[in-house]
Structure formats: structure tokens, C-alpha cells
Amino acid sequence: MRKYYYLFIIFFALPVLTQAQSGKQKKADKLFKEFAYLEATDVYKELIEKDYHVSENSKKLGDAYMMLRSPENAVFYYGDVIEEEGISPEYYYKYAQALRGVKRYDESREYLQKYLDSGRESNDIEEMIEGAEFRNMIIYKLKNGGFNSEMSDFGVFEKDGKIYFVSARAQGIAEKDKIYSWNGEPFLDVYITDSTGTVSPVTGDINTKLHDGPVVISPDGNTMYFTRNNFLDNKEGKKDKERTNHLKLYSATKTGAEWKEVKEIPFNSNDYSIGHPSLSADGKTLYFTSDMPGGIGGTDIYKVAINEDKTFGAPENLGEPVNTEFDETFPFMDADGILYFSSNGHPGLGLFDIFRIDLDEDAIVENLGEPMNSNLDDFAYFQVSDSKEGYISTNREGGSDNIMSFNKLNPLTLKGTVTDAVNGEPIAAATLRLMDENNEQIVFLETNEDGYYETIVAREKQLPIEAKEIKYETFNGTVNTVNQDDHEELIYDIQLDPIADVEYLAEIDNIYFDFDKSNIRPDAATELDKLVNLMQNTYPKLVIAIGSHTDRRGSNAYNEKLAERRAKSTYDYLISKGISAERIQEYKGFGETKPAIDCERCSEKDHQLNRRSMFSVVEMKN
């Protein structure tokens, strides 16, 4: 946001004309002191071109460009002097901020570290240096708000289909001939538009010759709270000792179609600024920004109770982790107790980013990430009640601030059932892993007894997924969450193919035989009954083959015959239990040719392990 006057809530200072000073240096410094930054830049550049106090004037010029929200120019002039011996450490911080504004993030962190190395202590800056990858499961679709002008437009509030916003367009307001010297634009006023697209100044006594807005309206629609320079009853109020006219909060009452009876909020002051009002959903708490004494940083976010008789409680600083040693502005409280605000004191992408925090829980501050935030200023988050639509303000396109509308898409619920690809039965305790674009695991799940799983995933992604269960082949696929704007849920069912290992599927121990015998032992019968159950109940169309083996004692010919008898005994047992002969493709004896234990001098245990029947999957139909 190019106009630091409303963002920093130093806020909208009005220069007081004094007797003209001689000399360009005095003129430049005077313009800077009186917040006439746009004009001051021209004079400072003239001084630098003449090699006059180049170092100090380069720093001042960089400062002026930062106040004008032009980091690309500030970087240039700070860069000329930043390595000078004896430079104040504060310029390491200023340069770092300007670098962040032009997306030179690594260099920005280097100069933040230099700032700390100079002996300064700051937990907030340490967090900025550590950086963060701002992952946000919520997707925002942004577009131009549709009612921007060539001047600054920002700070939307919507009520009953009407959109209130702040603009320097000076449209339909005769007294707005005066130009604000900070940025060369007219002073700000409150405007209103609706579905017809007609834009007009808000009616009543809200707009004045100084800065007015932004606004918020009570749930019953009868009270407006708004920001304005110290100006009431057509008179400019008292300035502070620095001759600054601060911002104050006012209330107005709706009378017919107009807003009248403008009153000051009782905790205003001539010595500090209060602005950026926002109300809780029930209208009982007013949130605002202020640089009042006793705060944590430059500007902090506060709240105050609104009593039934419209009196106010005592303002309370929201404290950490919301407020930092730097600046927090433009609070917005949604109906779910989520506070949105703008800050340059939390790790971010640009000069001011939009953040959120759930005040009803012991939560952390979250950066909304792209596209809501950019390398410049993003602020004034507002979401329409009972809607996914809303507005932000930004200067990301360079020049003046503009309003952008958004459509908020909540995280997508990914859910489904993991089933057996053959019999369709749910698979409990199957594990699922979701990966990101770098194939790093982001979600680990386990299905319940019904094979069901559910998780939250980001939209507009192609997410690799893996599903496993010990009796099944591993499944690999891709969850596509692209173009799901109209959906809250995405169903992704998975079918796992059973492994082609009958013994494993049926949890069969080996079918062993006594020496030189082919009869089915009781322990073998117990294991074969597991196979019967598998073939009758789990996979009723499973087709298998039987292979039987001997140890190495006896001749090859004898062992082949013995193995065939063992295979036939196994086959007969399964048939006797009701397994159709068509489901046993073959039963075959292999003699001693395929030992489980390949040994020359075999122990009795080795011989026992070689005397066995085994099974293989021939076909597993649906």
C-alpha cells in the first residue's frame, strides 16, 4: 500500500505551513518532516546529483520511497550507502524490508542478520530470518474488485448488498480540491456501490475535507464506526506537540438514508491515533488499531467491549502472538472467531502480509500465502457474512492501492474406501500415504474397520498416493484436486489386488508329512481348513494348483511317486471339504527336485521342512 499514512497509523499527519526556509537541503528536510514525501524525493535527488551530502540524502531518499511504498527505488538508494562504515544498524533493517519488497528474499535475510549482529535483539526478526514455507489448505481465487479508480481504493465493508469502501477519487465531493502532499492524491472519502455498479459518496455527515474511512456497521444496521482525522463539527481538532493531526474513531447513527449524529469514541486522544474499526459478529466487541502508549510495537491491534447502552469498556491490547514489535493493522473478525489482520512483523512474502489466527484456541499466527499476499502490501481482509466471497486491498500492481475480490474455497475433504479388488470386501488397517510435488510425505492414514479413510487436502494439486496392506500388492496412484471449485469433497476409492501367495493369504503354515507317508496329519488338516475357508468364503472363485515335495532320502523315482501321492492326498482333502475340482487346476508331485532346504547332510528338521505340500494362485476372478 503506497500510502503509509493509513497503514502505519502514525497515521494521516497534516503538515503545518511554516515560514519558508532557504536552501534545497532545508527544503527537502522540511518536506520530509511534513510528510510531503512525493515532492521531497525530487529535491533529494537534485541534492544527490550535485554531490551534496550524498550519504545522508541517499538514506532520506530511500526512506521517502519506502513511505511511498516504492521498494524498487528504495533498494537503489539504500544500496548506495548500506556498506558505509558506521551506518546506523536501523538501515540494515530498512534495507532488508526494501529487498523483501522486490523479492530478493535471501539478501533480505542477510541484512536482517546483520541487524541482529549489530547487537540488537528481536525474536520477531529471528523468525523472519528462519523464514517459512507458507502452506495454506484454503484456496483463494482473486480478481479485480470491479470498482477501482486511478486513485487509491481500499478498505471494503459490505452490508445488505451495499459495499462501502475508501477512495481518493474525489468523485462527487466539491470540497476535495486539496491534494494530500504525502502522495499527491486527493484526501480519502467513504464511497458506496451496489450490484448496479454505481459509485457515490456515502450520504450524511461522514465525509469531510480531511481523511475519512474505513468503516464498519453494527449488525442491526443503525450504527457506523469509522476512521477520520481529528475533525468534528466542521472544525479541525487539536494537534499533538509535533503538530500532527491524528486519526480518531467516530460513530454515526443512521437517520433515514443518511448517517448523522457523528460522535467521538471516548478513548480517542489528540496524542496518538486510533483507526481501522471492525466488529465481532454479534456487534459486542470492537477491534481497532492504535499506536497508543503501552503497546508492544509501532501499531497494535486492540479490542474493547461495547455495552448494551452503547458505552465502552476499557481497551485491551490483544498481545502476543498477534502483535509484534513492528506494526499490525486492519483487523477483521469473522463469525467463527478467526481474526484476520495485516502485519509487517511476522514472517511474510512482502512489506505487509495478511495473517489469520483462531482466538478461541491456543493457535499460531498463519500467513495466508499466495495469492492473497505478494511482495508489496496486502491488507484490509473482509469476508461477506454467510458467504465465501470477500475483498482485500493491495498495491501489488504498483502505483495506487486497488481492491480485489476473492472466492474462498475451504480445504477439500478427500475420502474413500479401500477394498479387496477381487471380492469387494473392505480392508481394515490399510495404510495410505499422500505425497507433495517433491514426493515428500504430507499425510499418513490408516483405514478403519470398514476400510474408510478421510483427510483434508489442498486444492489445485496433483498428489501422489500410496496404499498398502500386508496381504495385498502396493497401490500407487494420483489424487487430482484441480478444478474442484464446486465441490467440498473428493471421493477416491482404492482397490487392492491380493498378493498371489495362497499360504500368506490364508495364513497357512506349511503342510508337512511324516517320513515316507502321504496321509494328512491332524496339524496339516488344521492348516488345510484355513485354505478351505479362504476358497469358500473369501475368494469363492480362486483357482489354485497343488505341488508336493519329499526329502532327499530314497531314490528319485520313489520320491516322485511319494510326492504324487501326497499331492493327491491334499487334493482329496480339499474336495472332501466341498472345494470344486474345477478350482484345483492340477496337483503335482515334484519329488526331491525343489527342496525348501538345499542341504547335503540334512538334519531331521531339514528333512521335515522338505516334506511338504504348497499352493500357487492360478486365477483370482472377481
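Are there any trypsin sites (Lys or Arg not before Pro) in the stretch 41-122 that are in a DSSP loop and have at most 15 other Cβ atoms within 10 Å? List them by number. Write down the numbers at each step before the final one.
On the way: sites: 45, 50, 59, 60, 69, 94, 100, 103, 104, 109, 114, 120; in loops: 50, 69, 103, 104, 120.
Counting only loop positions with at most 15 other Cβ atoms within 10 Å, the trypsin sites (Lys or Arg not before Pro) in the stretch 41-122 are 50, 103, 120.
Give the calculated FRET efficiency between residue 238 and residue 386 to the nearest 0.05, with a Förster radius of 51 Å applied to their Cβ-Cβ distance.
Efficiency for this residue pair is about 0.75.
Please get the size of the charge dipole for the stretch 421-527, origin at its Cα centre, with Cβ charges of +1 on Lys and Arg and -1 on Asp and Glu, quoted in debye to the nearest 20.
Numbers: 7 positive and 26 negative charges, 44 e Å.
Rounded to the nearest 20 debye, it is 220 debye.
Alpha carbon centre of the stretch 42-80 versus the stretch 129-155: separation in Å?
29 Å
To check you understand DSSP bridge types, tell me what percent of the beta bridges within the chain (both residues inside) are antiparallel, rounded to 5.
Taking every DSSP beta bridge with both residues in the chain, the antiparallel ones total about 90 percent.
With Cα Rg over 2.2 N^0.38 Å defined as stated, name the option among (i) 1.48; (ii) 1.26; (iii) 0.97 computed from the structure displayed.
(i)
So which lysines pass the test for residue 248, namely a Cα distance under 18 Å, with those fewer than 8 places away in the same chain ruled out?
Qualifying lysines at Cα under 18 Å: 3, 209, 235, 238, 239, 260, 263, 303, 310.
What is the helix-to-structure angle for 556-576, meaning the angle in degrees between its Cα long axis and the longest Cα principal axis of the chain, kept from 0 to 90 and rounded to the nearest 10?
The angle comes out at about 70 degrees.
Which angle from 0 to 90°, rounded to the nearest 10, does the C-alpha axis of helix 71-81 make with the longest principal axis of the chain?
Result, in degrees: 80.
Compute and list, largest first, the equivalent-ellipsoid semi-axes of the stretch 87-189 from the alpha carbon gyration tensor, each √(5λ) rounded to a whole angstrom.
So the three semi-axes of the stretch 87-189 are 38, 22, 11 Å.
Filter the trypsin sites (Lys or Arg not before Pro) in the stretch 300-389 down to the DSSP loop ones having no more than 15 other Cβ atoms within 10 Å, then list what survives.
310, 388
Ordered by residue, what ³J(HN,Hα) values in Hz, to whole numbers, does the stretch 264-270 give under the Karplus form 6.51 cos²θ - 1.76 cosθ + 1.60, where θ = phi - 60° and Gly and Pro are x?
6, 6, x, 9, 5, 8, 7
Run through the stretch 332-390 and list the GluC sites (Glu not before Pro) located in a DSSP loop whose Cβ has at most 14 other Cβ atoms within 10 Å. Walk me through the numbers before you get to the answer.
On the way: sites: 361, 366, 389; in loops: 361.
Filter output for the stretch 332-390: 361.
Take residue 476 and residue 526, extend 7 Å from each Cα along the Cα→Cβ direction, and tell me the distance between the two endpoints in nm.
Those two pseudo-labels are separated by 4.1 nm.
Suppose every Lys and Arg Cβ carries +1 and every Asp and Glu Cβ carries -1, with no other charges. What dipole size does the chain come out with about its Cα centre, to the nearest 20 debye?
On the way: 70 positive and 110 negative charges, 160 e Å.
It comes to approximately 780 debye.
Positive end of the dipole of the chain, charges at C-beta (+1 Lys, Arg; -1 Asp, Glu), about the Cα centre: which of 524, 313, 111 has its Cα farthest in that direction?
The residue sitting farthest along the positive end of the dipole is 111.
Going by average Cβ neighbours within 10 Å, how do the peptides 576-589, 248-261, 317-330 rank, with the highest at the top?
317-330, 248-261, 576-589
By its C-alpha gyration tensor, with a ≥ b ≥ c as the square roots of the eigenvalues, how is the stretch 322-377 shaped: rounded for a/c under 1.5, else prolate for a/b larger than b/c, else oblate?
Prolate, since a/c reaches 1.5 and a/b exceeds b/c.
Rounded to the nearest 20 debye, what is the charge dipole size of the stretch 308-463 about its Cα centre when +1 sits on each Lys and Arg Cβ and -1 on each Asp and Glu Cβ?
Values: 9 positive and 32 negative charges, 113 e Å.
The dipole of the stretch 308-463 has a size of about 540 debye.
Return the calculated 222 nm mean residue ellipticity for the chain, to the nearest 500 deg cm²/dmol, obtained by summing -39500 (n - 2.57) across DSSP H runs with n ≥ 4 and dividing by the residue count.
-6500 deg cm²/dmol
Quick note: the coordinates plus some simple rules give every number you see, no bench work behind them. All values derive from a computational prediction rather than experimental measurement. Positions of Cβ are generated from backbone atoms using ideal geometry, with glycine treated the same way; all protein chains shown enter the neighbour counts.
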